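Below is one structure, written out as structure tokens; comments come after it.
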Amino acid sequence: MPKYDHTFLEGADPVVYTRRIGIEPDQWQAAVLRSKSRRIVINCARQVGKSTITGALLAYTAETFPGSLSLLIAPSLRQSLLLFEKVHGPIDLSGVGTLKSTASEKRLRNGSKVVALPGNPKTARGFGGVDLLVIDEAAYTPQSLFDSVLPMVIISQGRVILLSTPRAKQGMFWDAWQDEEYEQFRITAYDCP
């Protein structure tokens, strides 16, 4: 039985949580936050708020599911750390309390952990029981990385969120966009108020 079952704790609506930390989500962002899908693919334009809302979702998961493990991966460490920065503020505002905070990892008093990793298939391995796996710039991520990290969520039945600007009709991101197992969100610049 997975420790993170994707249902909302009583009174812990992720949209209410996000508002409480000072972020008013757009309509599409609220839909992502409230999605109960185990697989999500977000195909969107630049600067529409995908990193902000994903950071809020990572913080929400860490706070409301004690003992959870969330990983965020991008093709480079710099890119994963940029997304990781979006986690710091919400967690600091949450009141859960941090035991350890480094440039790439946050351990909370409730036992949850959020880790940012570079997209290297050889070094991203080794984590088990992942509750939330976020892959940023997924359209630019090699298949070998997907092959090395997706097993981390199989046993735990964790969530996978792929987010990216579009690139080409090929690769894992494109495959996920075509896969009915993934809930698809497409956001253009015109969809962003």
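The values are calculated or read from the model by the stated rules, or taken from the named source; none is laboratory data. What you are looking at is a predicted structure, and each value in this text was computed from that prediction instead of being measured. A quick note on method: Cβ atoms are made from the backbone with ideal geometry, for glycine too, and the neighbour counts reach across all protein chains shown. Accessible surface is based on the protein model in full, side chains and every heavy atom, while ligands, DNA and RNA are left aside. Shrake-Rupley method; radii C 1.70, N 1.55, O 1.52, S 1.80 Å.
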Legend entry - Surface per residue (accessible, 1.4 Å probe) for the chain, Å²: 48
Legend entry - Lys, Arg +1 and Asp, Glu -1 on Cβ, resulting dipole of the chain about Cα centre, debye, nearest 20: 460
Inset, instruction - Treating cross-link reach as a plain straight distance, find the aspartates and glutamates whose alpha-carbon is under 16 Å from the alpha-carbon of LYS50, omitting any fewer than eight places away in the same chain. - result: GLU24, ASP26, GLU85, ASP136, GLU137, GLU183, ASP191
Legend entry - Local electrostatic count, GLY97, Cβ distance below 14 Å [Lys/Arg +1, Asp/Glu -1]: +3
Inset, instruction - Heavy atoms only, probe 1.4 Å: what % of the accessible area of the chain goes to carbon and sulfur, would you let me know? - result: 50
Inset, instruction - Tell me which label goes with the value of log10 I(q)/I(0) by the Debye sum over Cα atoms at q = 0.10 Å⁻¹ computed from the coordinates here: (1) -0.44; (2) -0.49; (3) -0.35. - result: (3)
Inset, instruction - Out of all DSSP beta bridges with both ends in the range 14-124, state the antiparallel percent to the nearest 5. - result: 50
Legend entry - the chain - mean residue ellipticity at 222 nm from DSSP helices (-39,500 (n - 2.57) per run, n ≥ 4, rounded to 500): -9500 deg cm²/dmol
Legend entry - Antiparallel DSSP beta bridges within the chain, percent to nearest 5: 20
Inset, instruction - Lys and Arg at +1, Asp and Glu at -1: add these up for the other residues within a Cβ distance under 13 Å of ARG39 and post the number. - result: -2
Inset, instruction - Take each uninterrupted DSSP H stretch in the chain, measure its Cα extent along the helix axis, and return the ones at 24 Å or beyond whose mean Kyte-Doolittle hydropathy is at least -1.0. - result: 77-94
Legend entry - Charge sum, other residues only, whose C-beta stays under 14 Å from ALA189's C-beta, Lys/Arg counted +1 and Asp/Glu -1: +1
Legend entry - Hits among lysines - C-alpha to C-alpha of LYS100 under 19 Å, sequence gap 8 or more where chains match: LYS86, LYS113
Legend entry - Relative contact order computed over the chain (Cα-Cα under 8 Å; 6+ residues apart), in percent: 29
